[in-house]
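> Got a structure for you, written out below as structure tokens; questions coming shortly.
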Amino acid sequence: MNKLLAPVLIAVLTAVSVFSVSVYADRIVVFGATGNLGKIVVREALNRGHEVVGVSRSPEKFAYTEANFIGVAGNPTSLESVLEVTEGADAIINAVGGREAARPEETAMNQSAIAFTEAFAGLGDAGPQLVVVGGGSTMVDSREELIANLPPNAPEGSPFRALFLGHWAAYETYLASDINWTFVAPPFGLTGWRGDASPGDRTGEYRTSTAGPVVDSEGKSAITGADLAVAVVDFAEKGEPNQVKVGLGY
């Protein structure tokens, strides 16, 4: 990868891992770039000076005027499309939202995991870093635990249940691969990402955990969409943490 040193200190609290950004990903490809979270991630990457390739099924919706932005049509569930739009990328961010499917294996999250793992298989350190924005429910220890804690409105056979389990299926797909990936699990208390952001949302601070959700002293788990984007772009820049799922919170 073409990466330059660019140290950035991430403020964290005790008892969680500390990540400091020490490398730079020049070209970042963002899938789902017209979605609620995707737009926030694109803005964060553009503001840091990255060359950003925004990928969407509806690229005509892009309204960026920055010279370092390129908008293209693409499909993260298609191997051919992934190979085409990620050529030359240092890092890739998958912020594709939930799409209704009958079975977990058929969700966009899992189908995109299959496409990405096939596209970059065998590349090792020479491959791009893939940062996936998944579901907070995946911070449990097992699929069985996830099922045991599903909400009442996710009964057997429902698309909502398939969406939850699709995130876990995708995580298992990445876990079985040899590519460079970071699976980010936002907390259920995610705010400011549905057009309701406020100027103070971006603090640049967050805590991480690879062993369960990040909670504060009151047991709450929360983060803003802006600081989620900070973490996601940090992981893309550094290429770490690698091959692990990461919970976020304050």
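> Every residue in segment 19-37 that is at pLDDT 95 or above and crowded, with 24+ Cβ neighbours inside 10 Å, please.
Ile28, Val29, Val30, Phe31, Gly32, Ala33
> I would also like to ask the following. What is the number of the single condition among (1) of a type outside the set (A, V, I, L, M, F, W, C); (2) at pLDDT 95 or above; (3) surrounded by fewer than 17 Cβ atoms within 10 Å (Cβ to Cβ); (4) assigned to a loop (DSSP other than H, G, I, E, B) that Ser177 does not meet?
Here Ser177 meets the rest and fails (3).
> State whether the residues of segment 139-158 include one that is part of a helix (DSSP H, G or I), surrounded by 21 or more Cβ atoms within 10 Å (Cβ to Cβ) and touching a residue at least 24 places away in the same chain (Cβ under 8 Å). Reasoning before the result, please.
Here is the first cut: in segment 139-158, the residues part of a helix (DSSP H, G or I) are 139, 143-148.
Those left that are additionally surrounded by 21 or more Cβ atoms within 10 Å (Cβ to Cβ): 139.
Add one more test, that the residue is touching a residue at least 24 places away in the same chain (Cβ under 8 Å), and what stays is 139.
Checked against the condition, which is being part of a helix (DSSP H, G or I), surrounded by 21 or more Cβ atoms within 10 Å (Cβ to Cβ) and touching a residue at least 24 places away in the same chain (Cβ under 8 Å), segment 139-158 yields at least one hit.
> Please pick out the residue among Glu80, Glu66 that is more than 15 Å from the chain's Cα centre (by Cα), in a helix (DSSP H, G or I) and either at pLDDT below 95 or surrounded by fewer than 23 Cβ atoms within 10 Å (Cβ to Cβ) (or both).
On the way: Glu66 fails: in a helix (DSSP H, G or I).
The unique qualifying residue is Glu80.
> Have a look at Ala197, Ala211, Ala222 and point out the one that is under 17 Å from Ser142 (Cβ atoms), of a type in the set (Gly, Ala, Ser) and surrounded by fewer than 21 Cβ atoms within 10 Å (Cβ to Cβ). Walk me through how you get there before you give the answer.
Values: Ala197 fails: under 17 Å from Ser142 (Cβ atoms); Ala222 fails: under 17 Å from Ser142 (Cβ atoms).
None of the other options fit; the residue is Ala211.
> Would you pick out the residues in segment 217-244 that are over 16 Å from Ala95 (Cα atoms) and among the aliphatic types (A, V, I, L, M)?
Ala222, Ile223, Val244
> Scanning segment 95-133 for residues that are β-branched (Val, Ile, Thr), crowded, with 22+ Cβ neighbours inside 10 Å and over 19 Å from Gly239 (Cα atoms), which turns out modelled with the lowest pLDDT?
Taking segment 95-133 as the starting set, the residues that turn out to be β-branched (Val, Ile, Thr) are 96, 107, 114, 117, 131-133.
From the residues that got through so far, the ones that are crowded, with 22+ Cβ neighbours inside 10 Å too are 96, 107, 131-133.
Pick out the ones that are also over 19 Å from Gly239 (Cα atoms) and you get 96, 107.
Numbers: Val96: 92, Thr107: 95.
The residue in question is Val96.
Okay, residues lined up against (1) basic (Lys, Arg); (2) closer than 14 Å to Gly32 by Cα; (3) within 19 Å of the chain's Cα centre (by Cα):
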{"site": "Glu84", "(1), (2), (3)": "no, no, no"}
{"site": "Ala91", "(1), (2), (3)": "no, no, yes"}
{"site": "Phe120", "(1), (2), (3)": "no, no, yes"}
{"site": "Gly127", "(1), (2), (3)": "no, no, yes"}
{"site": "Val131", "(1), (2), (3)": "no, yes, yes"}
{"site": "Gly135", "(1), (2), (3)": "no, no, yes"}
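The values are calculated or read from the model by the stated rules, or taken from the named source; none is laboratory data. Worth saying up front: this structure is predicted, and the values here are computed from it rather than measured. Using ideal geometry, Cβ is built from the backbone for each residue, glycine included, and neighbour counts are taken over all protein chains shown.
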